[in-house]
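Student: Structure provided below as structure tokens; questions to follow.
Please treat every number below as a calculation from the coordinates, not as lab data. This structure is a prediction, so every number in the text was calculated from the model and none was measured. No Cβ is skipped: glycine too gets one built from the backbone with ideal geometry, and neighbour counts run over all protein chains shown.
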Amino acid sequence: MPICNYDGDVIGVAQIINKTNDSQEFTKNDVEVFQRYLTFCGIGLQNAQLFEVSVLEYKRNQILLNLARSIFEEQNNLECLVTKIMKQAQDLLNCERCAVYLMDLDLGEASHLERILERPGRIIERHGPLNRIESGSITAEDMRECGLKKPCNFTTTFELRDGGNNTLVSRPSSFDLKTSTLAQIASYAASTGQILNIGDVGAWLNMQHSEGDAESARTILCMPIINGQKRLIGVAQLINKNNGAAFTECDVSLFEAFAIFCGLGIHNTQMYENACKLMAKQKVALECLSYHATASNTDTERLSKVQIPSAELFNLYSFTFIDFELSDEDTCKATIRMFLECNLVQQFHIPYDVLCRWVLSVKKNYRPVKYHNWRHALNVTQTMFAMFKTGKMERFMNDLEILGLLVACLCHDLDHRGTNNAFQTKTESPLAILYTTSTMEHHHFDQCVMILNTDSNNIFQALSPYDYKKVMKLVETAILSTDLAMYFKKRNKFLELIENGEFDWQSDDKKELLSGMMMTACDVSAIAKPWEVQHRVAKLVADEFFDQGDLEKMQLKEQPIAMMDRERKDELPQMQVGFIDVICLPLYKVLSDTFPWVKPLYQGTLENRKNWQDLAEKVEMGLTWIDHDTIDKPVEAFADAEETKEIELTVQTFNPISSNQGNQHVESKIRRNKTKFCCVL
């Protein structure tokens with residue numbers, strides 16, 4: 001009679017034989033009693049089966065939980081981790097031997113940096129779901145042919161022998177892999193990505209295997225190991241069940257779950273080991289960089305012994321400061337003079353030789369790009385100094401904040417590469433991977449910290465821990481605020497405070513907002529310089545932008561925006577007008593209305609806007625502005641064609657190439673035969 005479970009499905013059969021009361025057959029009553037009895041038997045059997053399964057699952061879950069715990073506890077050493085994994089696999093599936101073959105995943109020292117900086121869009125080959133192959137579906141010859149076509153080079157082999165008491169770690173050569181039967185089987189599982197279950201190794205190999213590493217193997221289960229990124233990183237191999245039977249379907253399912261934890265653990269440990277090596281390499285590289293990025297003792301000693309001219313001689317108090325005539329040594333002297341003039345050296349006990357070395361080191365860490373170089377940093381710092389002294393903004397700041405803002409100005413573009421944040425993002429540069437927002441500004445601050453942390457360069461060394469933390473936070477915030485994206489986020493809030501009649505700037509959040517606006521005002525202050533200076537600086541900015549545009553065309557195969565497109569250089573005067581209207585004038589207007597002493601910045605910008613607008617109008621009449629320096633007297637239109645036969649005129653131009661030559665006069669003769677025209681040089 002069938003035994004049925006709760007659902008009426010047959011789960012077994014009960015059979016009774018021979019009545020013992022000499023009856024020749026079972027009666028209807030016997031059948032009815034037996035049927036009722038088997039109903040309870042079915043319930044009991046199913047409950048017992050469910051209980052057995054639950055106990056087994058509990059044990060398996062505990063083993064997998066212990067494995068997961070081991071993975072996160074043991075990340076310092078790959079060998080220890082793999083040994084733990086193999087020992088638990090051996091205990092879990094009751095097998096004699098266990099081995100793990102690891103592949104080369106480009107995780108070595110030489111290529112690990114490339115992988116870290118790998119472009120996010122790059123397609124990585126990922127493994128699909130594993131399929132199970134029994135030994136009957138393929139032959140040993142298939143395995144050997146696959147090994148010849150797609151050889152799999154394992155870099156490391158771990159073997160657990162002697163009942164789990166001995167771990168053998170080897171770095172097999174290609175010859176070792178070719179001559180090892182077990183390695184060939186593992187290689188097949190790796191190259192095909194298939195689970196391979198061999199129930200009778202001797203019969204499957206179809207050859208004498210009394211010698212070699214497969215001599216004692218009776219049953220083998222090979223499982224590919226896949227990491228969290230679904231990339232195949234190796235093969236786990238179990239050999240010989242303790243009971244002599246083949247590996248069951250249940251064993252395969254359990255080992256498959258087990259292999260997932262193996263993949264995560266092995267990959268994490270490999271990454272951790274390589275990260276430790278990279279950190280050590282980074283430390284060595286930073287030491288080398290710090291040495292080469294620091295000013296020499298000779299230069300420091302020479303600068304510390306020379307006399308520093310007065311601020312008046314350098315014209316540091318004026319918003320019309322010009323650095324064109326200054327030598328490189330003079331720029332360093334001017335920088336030191338600003339710190340002396342603010343009494344910061346005495347106030348914060350800065351050793352004079354440390355200040356000199358720091359200034360020279362900062363200068364050394366600016367690249368020779370066309371605009372965002374040391375000269376730009378000097379001009380931004382001088383404008384901040386002029387805002388403090390001439391603009392009387394120092395009354396809103398304490399000495400520590402003045403020190404922090406001057407340092408931030410001098411360091412705000414350290415190691416600038418002549419390309420903006422958008423370029424770093426589009427090219428997926430290492431900097432863009434490190435910093436997802438305000439990319440270059442974060443890098444400038446990091447360079448600033450690197451210089452300060454270098455021996456004999458820390459001008460903050462005498463500060464208390466509280467003041468040091470405060471000034472470093474101020475420097476970071478100030479440098480990040482030079483990102484125009486940050487400026488636009490904060491400008492409306494600043495304008496709202498001004499419109500509400502704010503006059504108290506002593507709270508930390510309001511002072512931070514004011515400092516950010518001052519940093520932007522100083523960063524773009526070239527727009528307020530005298531026209532000859534502004535025109536020359538604008539050409540430097542344009543040249544740097546054009547260089548980036550050329551890179552975008554070559555590297556990205558993209559058409560750059562107008563301001564960076566060399567072919568649209570004639571549109572730059574109108575773009576300058578737009579830049580002034582959108583960024584500069586609104587900022588300088590609100591600053592000059594609130595703090596009247598900084599009004600020269602607003603007035604200078606207004607004057608330059610007129611000049612750029614005039615130049616933009618002349619461009620519409622045919623002038624290629626970038627090819628000339630300045631225009632003093634455009635040629636007016638002539639109504640009479642008779643008067644246009646021959647015109648001789650003299651145009652005074654400003655020569656930006658040599659600061660020593662001054663103005664030059666260029667004689668140009670123009671001959672035209674038209675009724676009306678306007679000629680501009």
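Student: Given a Förster radius of 30 Å and the C-beta distance between residue 543 and residue 394 as r, what FRET efficiency does 1/(1 + (r/R0)^6) yield to the nearest 0.05?
Tutor: 0.25
Student: With the crude spin-label approximation of a point 7 Å out along Cα→Cβ, what separation in nm comes out for residue 490 versus residue 607?
Tutor: Between residue 490 and residue 607, the label points sit 2.9 nm apart.
Student: Grab the Cα-Cα distance for residue 18 and residue 340, subtract it from 0.36 nm times how many residues apart they are, and report the gain in nm with one decimal. Could you put the intermediate results ahead of the total?
Tutor: Values: separation 322, 0.36 × 322 = 115.92 nm, distance 11.77 nm.
Computed gain between residue 18 and residue 340 is 104.1 nm.
Student: Hey, another quick one. Within 10 Å, count the other beta carbons around each residue, average over each peptide in 509-522, 425-438, 593-606, 377-390, and list them highest first.
Tutor: Working: 509-522: 20.4, 425-438: 15.2, 593-606: 17.8, 377-390: 23.8.
Top to bottom by mean Cβ count within 10 Å: 377-390, 509-522, 593-606, 425-438.
Student: Using a 7 Å offset from the Cα along the Cα-to-Cβ direction at both residue 66 and residue 468, what is the distance between the two label points in nm, to one decimal?
Tutor: 4.9 nm
Student: Also, quick follow-up: Can you give me the C-alpha center-to-center distance between the range 478-542 and the range 410-437, rounded to a whole angstrom?
Tutor: 21 Å
Student: Can I ask one more? Can you give the FRET efficiency for residue 614 and residue 426, using 1/(1 + (r/R0)^6), R0 = 41 Å, r = Cβ-Cβ distance, to the nearest 0.05?
Tutor: About 0.70, to the nearest 0.05.
Student: Follow-up question, since we're still on this one. Quick one: length gained pulling residue 43 to residue 79 fully straight, 0.36 nm per residue minus the C-alpha distance? If you can, show how the numbers build up before the last one.
Tutor: Numbers: separation 36, 0.36 × 36 = 12.96 nm, distance 4.93 nm.
Working it through step by step, the gained length comes to 8.0 nm.
Student: What order, most packed first, do the peptides 191-198, 411-418, 551-558, 316-323 have when packing is the mean number of other Cβ atoms within 10 Å of each residue?
Tutor: The densest-packed peptide leads the list: 411-418, 191-198, 316-323, 551-558.
Student: Also: Measuring from centroid to centroid over Cα atoms, what is the spacing of the range 289-318 and the range 194-271 in Å?
Tutor: What the calculation gives is 69 Å, centre to centre.
Student: Taking amide H positions as placed 1.01 Å from N in the peptide plane, with prolines and chain starts having none, which residues 5 or more places from residue 3, or on another chain, fall under 5 Å of its amide H?
Tutor: Amide H to amide H, under 5 Å and 5 or more residues apart or across chains, residue 3 pairs with 11, 12, 13, 14.
Student: As an exercise, use a Förster radius of 60 Å and the Cβ-Cβ distance of residue 137 and residue 352 to find the FRET efficiency, rounded to the nearest 0.05. Walk me through the numbers on the way to the answer.
Tutor: Working: r = 83 Å, r/R0 = 1.38.
Calculated value: 0.15.
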